[in-house]
Amino acid sequence: MKLKEISKDIYDVSALLDEELGAMRTTERQQNTDKAWEEYNAQILLDARKNAGLTQAELAERIGADKGYISRIERGLIVPSVSTLYRIASAMGLTVELRPM
């Protein structure tokens, strides 16, 4: 779909987003939003591992998993359980903080 031009250099992206991701407050839109958060969190874990100077194999060994499991997490194919997320953070010398918004 082409962006609808409202006026010179001003475009309505809402219609495009609704078409591509599903209308607001629909199951389709929620699923796409959830997938985006999964990919975002996967990238955060990948960046944190690299900043910690660890390979996937080293991180996997520290948490008692295999390298393929870490790879699937970092590619956003699977979401680790909360307990595994805490183990991953700890293995990288990090903490997970939950705080009010």
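What is the range 14-70's relative contact order, in percent, from Cα pairs under 8 angstrom and six or more apart in sequence?
For the range 14-70, the relative contact order is 15 percent.
Solvent-accessible area per residue for the range 33-101 at a 1.4 Å probe radius, Å²?
So the range 33-101 comes to 69 Å² accessible per residue, rounded to a whole number.
Report the FRET efficiency, 1/(1 + (r/R0)^6), for ASP34 and ARG62, where r is their Cβ-Cβ distance and R0 is 30 Å, rounded to 0.05.
The pair ASP34/ARG62 has a calculated efficiency of 0.60.
Can you check what the net charge comes to around ASN32, using other residues whose Cβ is under 14 Å from the Cβ of ASN32 (Lys, Arg +1; Asp, Glu -1)?
Spelling it out: positives minus negatives among the neighbours equals -4.
Treating the Cα atoms of the range 47-101 as identical point scatterers in vacuum, please give the log10 of the normalised Debye intensity I(q)/I(0) at q = 0.18, 0.27, 0.31 Å⁻¹, two decimals.
Log10 of I(q)/I(0), two decimals: -0.56, -1.19, -1.45.
Of all the accessible heavy-atom surface of the range 1-61, with the other protein chains kept in place and a 1.4 Å probe, what percent is carbon and sulfur?
52
Taking the Cα centre as origin and putting +1 on Lys and Arg beta-carbons and -1 on Asp and Glu beta-carbons, what dipole magnitude results for the chain, to the nearest 20 debye?
Roughly 260 debye for the chain.
Taking 8 Å as the Cα distance limit and 6 or more residues as the minimum spacing, I'd like the relative contact order of the chain as a percentage.
18
For a quick check: with amide H placed at 1.01 Å from N, whose amide H comes under 5 Å from TYR11's, ignoring anything fewer than 5 positions away on the same chain?
Hits under the 5 Å cutoff: ILE6.
Pick the calculated Kirkwood radius over Cα pairs in Å for this structure from [x] 15.1; [y] 13.8; [z] 16.0?
Among [x] 15.1; [y] 13.8; [z] 16.0, the one derived from this structure is [z].
The values are calculated or read from the model by the stated rules, or taken from the named source; none is laboratory data. All values reported here derive from a predicted model rather than from experimental measurement. Cβ: placed from backbone, ideal geometry, glycine included. Neighbour counts: every protein chain shown. For accessibility, only protein heavy atoms count, side chains too; no ligands or nucleic acids. Shrake-Rupley method; radii C 1.70, N 1.55, O 1.52, S 1.80 Å.
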